[in-house]
Every structure is written in structure tokens, then in C-alpha cells.
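Enquirer: Okay, handing you the structure first.
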Amino acid sequence: MKTSVGLKDVQSQIIRVFQNLIDNSIKFRSPRNLQIDISAEKDNHTWTFRVSDNGTGIHEDDLEKVFMIFHRGRDAAAEGTGIGLAVSQRIIERHGGRIWVESKFGQGTEFYFTLPGA
């Protein structure tokens, strides 16, 4: 049996994705003043969102693992359970999009995700 998801449910799930990404930017901040940039761009029928920061970045060896549940990367001292990005990936994929990360260790991180446009 297929269930439909209401617009309010979709909105709350996308809000959760933004909360998870912004929370990570705050958790993995560098000694510099924190800077978080959020942008969106529509191309044909797809929205692409970007959340970037100037934090500690993600080590190259961890880039492919960040969406794995309970994976917390090299900074084991960081708070959290390691489920935020895994949940975010499931939400985005459930709504027909994809999510990925680009990062330079020590310089910052950019998370991107796409969603189909209306």
C-alpha cells in the first residue's frame, strides 16, 4: 500500500535537512568567525540547494562515508550520534533528489542537494 505524503510533511522533512546541515556547520566550526552561506538555484525542473561553511572541513578519506549511519569521521570528540546526514540523505532521496558533499580539510565544507521542481 502506497501512502501519500502531505505538503506539510514534506516541508518539515526539508526543514530537518537544513537543520542537520546547519547544525554540522556549527559543530565543526573552525577558530575563525563562523560563516554559513545558503543558496538555491533552479535549472529546468530541478532545484539545487547549497549549504556551505568555513569550518574544519572533512578529511578526504571520510567524504564517501559521511552519509553512513553512525559515522562520525575523524573528529570522534565531536558531539552527536552520526545519524543527521544519513537521515538527510534518506529524506532527499525519498523526494526524488540527491545529496552530496565537497570539502577541503581545514578550509570548509559545501553540501549540495537537489529536489525536483513543481
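Enquirer: Go ahead and estimate [θ] at 222 nm for the chain from helices alone: -39,500 (n - 2.57) per DSSP H run with n ≥ 4, summed, over the residue count, rounded to 500.
Expert: Computed ellipticity for the chain at 222 nm equals -9000 deg cm²/dmol.
Enquirer: By its C-alpha gyration tensor, with a ≥ b ≥ c as the square roots of the eigenvalues, how is the chain shaped: rounded for a/c under 1.5, else prolate for a/b larger than b/c, else oblate?
Expert: Note, shape of the chain comes out prolate.
Enquirer: Exposure proxy check: K42, K65 ranked by fewest other beta carbons within 10 Å?
Expert: K42, K65
Enquirer: Can you put L7, L34, L21 in order of Cβ neighbours within 10 angstrom, beginning with the fewest?
Expert: Ascending Cβ contact count within 10 Å gives the list L7, L34, L21.
Enquirer: Further question: Any idea what the dipole of the chain comes to, in debye rounded to 20, about its Cα centre with Lys/Arg Cβ at +1 and Asp/Glu Cβ at -1?
Expert: 360 debye
Enquirer: Compute a Gaussian network model of the chain, connecting alpha carbons closer than 10 Å, and tell me which residue from E93, E102, E41 fluctuates the most.
Expert: E41
Enquirer: Using only Cα atoms, tell me the angle between helix 84-94 and the longest principal axis of the chain; keep it within 0 to 90° and round to the nearest 10.
Expert: With rounding to tens, the tilt is 30 degrees.
Enquirer: Another question about this same structure. Taking other Cβ within 10 Å of each residue's Cβ, how do T46, T56 sort, fewest first?
Expert: Final ranking by Cβ density, sparse to dense: T46, T56.
Enquirer: Measure nothing but the geometry: give the 0 to 90° angle between the long axis through the Cα atoms of 7-27 and the longest principal axis through the Cα atoms of the chain, rounded to 10°.
Expert: 10 degrees
Coordinate-derived values only; no laboratory data. For clarity, every value in this text was computed on a predicted model and none was experimentally measured. A quick note on method: Cβ atoms are made from the backbone with ideal geometry, for glycine too, and the neighbour counts reach across all protein chains shown.
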